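Working notes, structure below.
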Amino acid sequence: MRLTDTRTRRVEEIRPERSRRLTMYACGPTVYRSQHVGNLRTFVLGDLISRCAETLHGWSVELVQNITDVGHLADDTGIELAGEDKLLLAAREENRDPFEIARFYEAQFHEDCAALNIKPAARYPRASECIELIVDLISRLMDKQHAYVGADGSVYFDARSFPSYGAISGNRLEDLRAGHRQDAAELSAGKRFHADWALWKSAGANRQMVWDTAWGPGFPGWHIECSAMSLHYLGETFDIHTGGIDLRFPHHEDERAQSESAVGHEVVRHWVHGEHLLADGRKMAKSTGNVVLVRDVAERGFDPLAVRLFYLTGRYRQQMNLTWDAIAGADRRLRRWRTKVAAWAEAPSAAMAEDYVGRLREAFEDDLDTPTALVALADLEKDDAVPAGAKFETFAWVDRVLGLDLVRDVGKPVMAAELPDGAADLLQRRERARAAKDWAASDTLRDELTSLGVAVTDGPDGQTWTVS
Ligand code: AMP
Ligand code: ZN
């Protein structure tokens, strides 16, 4: 597997350190708001790496992704805002308990990931449940003189104690200037050097998410959470760390300094960053007001997986601009492929089309060149020399990497494309109602379908339908 490593600035050959087990850490969501399809682009990048590892190499993947449910005093631009805790702010606005908010958005994050066929991580540690790990790690850094308690009772990392600070982003300590409000506030409060950062923040007034420590009541900084969790769950060396490009600095630079200072060697073997998704030419972000959610896509009648296909039309290291036209185009292509795959499935079975498999593998191996993989598939779709059975096998195989549910319509008596608007959703809901033995709901849904002209019958293999 070949991927661009942000730290070495080269395309690197990736091999798991531990035999055929790829260990990976993905920075996860901050759960005081919905994740938008920009965030999800970054999570799909991690999923593509996992799927390539599993499907093309036969490796097993151990992925850990954190849930940031405390603090995170940063806005979408990465500039820290003094004293503003977004979770508590959201709690005040919505008049709810901050943990209730966090659990709500965490559940929504899992639903959105499922809608985009992002395979679940092995673990989703929550920051609020890892406080002990975090405090232990901070103590270790204090013992090794990499951290100090400031006059304000907060614990800071001493940036100058870590000589290779800046290796990922190319920033040099001497070039970093005290630029923003938080720096100024912290400098006057007890930070010794502008590039130092808080590992533990002493609690101000009115804080709800506060823990007691030897340094007094407070809450963890954001960067330390990822060091503590990755070291604990993946060990002192792991293969790949992913995140959006905005996390390269300061988040990952600070994480690297913390982890490496604690264990004495490089912890992350490869740093992989995904470029941003834009909308109207600007980075998609809540603060910009240009976010699109998975539910917005579904509400316009598009399959959420059209978003996933749209991501694949660009390379992960390039910015992409989201437009509804592009989503509509991806949606049409998705439906056409599903219909064709279902038709090819009826043909006599045949082995995969090996030259296309070769082209596809090569594209994925070339730093995840998904646009070239999609070109190979478009060629295969049109290639009359390849028997239908071979097309079916090849599309079904490649879908294990693409994750587009291309075989969804195989064996269905009526193609989803022929169903009247809304019927596919009703059929799905009815399937679920029947699985839950909710016969009343199942009957109501059948009536709704009848009124749309879809006649449903139940057989031993589940429901089947005809369109009048
Ligand atoms: P957050 O919930 O803000 O911590 O972000 C979760 C992940 O989404 C991080 O890896 C960010 O780097 C990433 N991210 C945020 N905005 C975008 C965007 N517009 N495009 C792609 N990734 C993003
Ligand atoms: Zn992180």
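The values are calculated or read from the model by the stated rules, or taken from the named source; none is laboratory data. In this text, all values refer to a predicted model and were calculated from it rather than measured experimentally. Here Cβ is always computed from backbone atoms with ideal geometry, including for glycine, and neighbour counts include all displayed protein chains. The accessibility values were calculated without ligands, DNA or RNA, using every heavy atom of the protein model including side chains. Shrake-Rupley method; radii C 1.70, N 1.55, O 1.52, S 1.80 Å.
On the accessible surface of region 2-274, probed at 1.4 Å, how many percent belong to carbon and sulfur atoms? Show your work: numbers first, answer last.
Working: 4850 of 10510 Å².
With neighbouring chains kept in place, the figure for region 2-274 is 46 percent.
5 Å is the cut-off here: which amide hydrogens, built 1.01 Å from N in the peptide plane, fall below it relative to ASP196, excluding neighbours closer than 5 in sequence?
ALA159
If you roll a 1.4 angstrom probe over the protein chains with everything in place, what fraction of the accessible area of region 351-445 belongs to carbon and sulfur, to the nearest %? Don't skip to the end; give the middle numbers.
On the way: 2350 of 4570 Å².
That share works out to 51 percent.
Per 10 Å bin, what is the whole-percent P(r) computed from every C-alpha pair distance within the chain?
All Cα pairs considered, the percentages come to 4, 18, 26, 24, 15, 8, 4, 0.
What whole number of Å gives the distance from the Cα centroid of region 4-45 to the Cα centroid of region 379-439?
If we compute the Cα centre of each part, the gap is 29 Å.
Tell me the angle of helix 98-115 to the major Cα principal axis of the chain, expressed in degrees between 0 and 90 and rounded to the nearest ten.
Value to nearest ten degrees: 40.
Starting from the 7 Å offset along Cα-to-Cβ, what nm value, one decimal, do you get for the label separation of ASP296 and ASP369?
3.3
Determine, from the Cβ-Cβ distance of ARG2 and VAL149 and an R0 of 45 Å, the FRET efficiency 1/(1 + (r/R0)^6), rounded to the nearest 0.05.
Values: r = 45 Å, r/R0 = 0.99.
With a Förster radius of 45 Å, E is 0.50.
From the P(r) of region 279-418, can you give the percent of Cα pairs sitting at distances over 28 Å? Before the final figure, lay out the partial values.
On the way: 2233 of 9730 pairs.
Result for the distance tail: 23 percent.
Taking H as built 1.01 Å from N, whose amide H comes closer than 5 Å to the amide H of GLN463, not counting residues under 5 places away?
none
What angle, in degrees between 0 and 90 and rounded to the nearest 10, separates the Cα long axis of helix 222-234 from the longest principal axis of the Cα atoms of the chain?
70
For region 369-377, take each phi angle, set θ = phi - 60°, evaluate the Karplus expression 6.51 cos²θ - 1.76 cosθ + 1.60, and give the result in whole Hz per residue in order, putting x for glycine and proline.
Ordered by residue, 3J(HN,Hα) equals 7, 5, x, 5, 4, 5, 5, 4, 5 Hz.
Can you tell me the alpha carbon radius of gyration of region 371-454 divided by the globular rule-of-thumb value 2.2 N^0.38 Å?
On the way: Rg = 17.4 Å, N = 84, 2.2 N^0.38 = 11.8 Å.
Rg over 2.2 N^0.38 Å, computed on Cα atoms: 1.47.
For a quick check: with amide H placed at 1.01 Å from N, whose amide H comes under 5 Å from ARG33's, ignoring anything fewer than 5 positions away on the same chain?
none
So what's the gap between the Cα centers of region 189-260 and region 88-132, to the nearest angstrom?
Answer, in whole Å: 19.
Counting only helical runs of four or more DSSP H residues, what would the 222 nm mean residue ellipticity of the chain come to if each run contributes -39,500 (n - 2.57) and the total is spread over all its residues? Mind showing how you got there, number by number?
Details: 15 runs with 195 residues, N = 468.
That calculation yields -13000 deg cm²/dmol at 222 nm.
What number results when the radius of gyration of region 2-274, computed over Cα atoms, is divided by 2.2 N^0.38 Å? Please list the in-between numbers first.
On the way: Rg = 18.1 Å, N = 273, 2.2 N^0.38 = 18.5 Å.
Normalised Cα radius of gyration, region 2-274: 0.97.
Return one whole number: the accessible area per residue of the chain in Å², for a 1.4 Å probe.
On the way: 20220 Å² over 468 residues.
Per residue, the chain has 43 Å² of solvent-accessible surface.
Counting only DSSP beta bridges with both residues in the chain, what percent are antiparallel, rounded to the nearest 5? List each step's numbers first, then the result.
Working: 24 of 45 bridges.
Antiparallel: roughly 55 percent of the beta bridges in the chain.
Please compute the length gained on full extension between VAL410 and ARG432, using 0.36 nm multiplied by the number of residues separating them and subtracting their Cα-Cα distance. Intermediate results must be reported in sequence, preceding the final value.
Numbers: separation 22, 0.36 × 22 = 7.92 nm, distance 1.92 nm.
That pair, VAL410 and ARG432, stretches by 6.0 nm at full extension.
Relative to the longest principal Cα axis of the chain, at what angle does helix 439-451 sit, 0 to 90 degrees, rounded to 10?
In the chain, helix 439-451 runs at an angle near 60 degrees to the longest axis.
Each residue of region 334-345 in turn: what ³J(HN,Hα) in whole Hz from Karplus with 6.51, -1.76, 1.60 and θ = phi - 60°, glycine and Pro shown as x?
Rounded to whole hertz, the list is 4, 5, 5, 4, 4, 4, 5, 4, 5, 5, 4, 5.
How much of the DSSP bridge set in region 2-274 is antiparallel, in percent, rounded to the nearest 5? Intermediate values should be presented prior to the final figure.
On the way: 16 of 34 bridges.
Counting DSSP beta bridges with both partners in region 2-274, the antiparallel share is about 45 percent.
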